[in-house]
1. Determine, yes or no, whether residue 218 is within 21 Å of the chain's Cα centre (by Cα) and surrounded by fewer than 16 Cβ atoms within 10 Å (Cβ to Cβ).
2. Find all pairs meeting these conditions: Cβ atoms under 6 angstrom apart; at least six residues apart or on different chains; first residue within the stretch 50-64 and at negative phi; second residue hydroxyl-bearing (Ser, Thr, Tyr) and assigned to a strand (DSSP E or B).
3. Which number in (1) more than 16 Å from the chain's Cα centre (by Cα); (2) surrounded by fewer than 20 Cβ atoms within 10 Å (Cβ to Cβ) marks the one condition that residue 171 misses?
4. Considering only residues of the stretch 99-115 that are in contact with a Leu (Cβ under 9 Å, 6 or more places away or on another chain) and surrounded by fewer than 16 Cβ atoms within 10 Å (Cβ to Cβ), which is nearest to residue 148 (Cα to Cα)?
5. If you check residue 153 against the conditions, is it within 21 Å of residue 234 (Cβ to Cβ) and touching a residue at least 60 places away in the same chain (Cβ under 8 Å)?
6. Can you tell me which residue within the stretch 122-142, out of those that are buried (at least 17 other Cβ atoms within 10 Å of the Cβ), among the hydrophobic types (A, V, I, L, M, F, W, C) and touching a helix residue (DSSP H, G or I) at 6+ places or on another chain (Cβ under 8 Å), is nearest to residue 234 (Cα to Cα)?
7. Would you confirm, using the coordinates I've provided, whether residue 119 is surrounded by fewer than 19 Cβ atoms within 10 Å (Cβ to Cβ) and within 20 Å of residue 193 (Cα to Cα)?
8. Please verify whether the stretch 149-160 includes one or more residues that are over 26 Å from residue 124 (Cβ atoms) and in a helix (DSSP H, G or I).
Amino acid sequence: MAGFLFVLFSCQNNSGSVQQSYTSGYEQILVDESFAPIIEDQEYLFESTYPNAKLDLVMKSENELLNLFLTDSIQVAVLSRLLSPDERKHFEGKNIKIRVNRFAIDGIALITKSPSKDSTVLVQDIIQVLKGSGSAIKSLVFDNANSSTVRYFKELAGVEELPEMGVYALKSNAEVIRYVHDNPGTIGVVGVNWMVQPPTDLEGIVEGLKILGVKNLEAKGGSDAFYKPTQNDIALGLYPLTRSLYIINCEGGAGLGTGFSSFIAGERGQRVVLKSGLLPDSIPSREINIVN
């Protein structure tokens, strides 16, 4: 009998049979590749805090991510936009409650190789190159034609397609960083987290790059000077190229995805955001010890 109880206890503690809850079990999370570094940091801290929790991050471009999300194969996603009315209907038609947490504001960084005579850029020049018009920008390089970053800039310029000349799309943020480093004079477009906390294999390359200051269109916030995607300038609404980050949960019930969403939006998760270079949705409190 004792042997039977030992076997039963061992099976219950096997990772494959851990009870699904807010802090235990297994969950796949769709993640926009643009925000991979910060979500990997969140995953590490979450799993360290809750040893019975196992997250599987599935990195995709925005279009690929949404295709998977809307087939119900993975029910939690990290996106830089809210679901459209039609996308919401997909879940609401199945009586699935959509839970949304905004956890950060990202600054989209424009980067070039150092040293370079270029240290600033106008939003107007970005719009002109995206429209295929004459521009001071000779070459603008994006991460992926299906990415959230490309969508953001298409909406900024009011265009449906990227022009054939002057604008290029690779496959990832990492490729953009390497390309800009190897091709002086080009301007790359990446999430600021890739510059503040790059993967280990990119640290040396990032040191050879610089972030450009950006001046907004006339009569808009940040049109009086050139600003960089610092947390202060993002918080003051001065840096023009920003986007909100959301974790969208369509589990339809209590699960590990809900726990991870709450963790990211909570104080510990927001401290990770603060360290990453992005602006937290809620600024974590600070304790100051005063010694007499």
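1. no
2. Sorted first by the residue in the stretch 50-64, then by its partner, the pairs are 54/26.
3. Unmet for residue 171, out of (1) more than 16 Å from the chain's Cα centre (by Cα); (2) surrounded by fewer than 20 Cβ atoms within 10 Å (Cβ to Cβ): (1).
4. 102
5. no
6. Out of the qualifying residues, it is 123.
7. Yes, satisfied.
8. Looking for residues that are over 26 Å from residue 124 (Cβ atoms) and in a helix (DSSP H, G or I), one finds none in the stretch 149-160, hence no.
The values are calculated or read from the model by the stated rules, or taken from the named source; none is laboratory data. If you're wondering where the values come from, they're calculated on a predicted model, not measured in any experiment. All Cβ positions, even for glycine, are placed from backbone atoms using ideal geometry, and neighbour counts span all protein chains on display.
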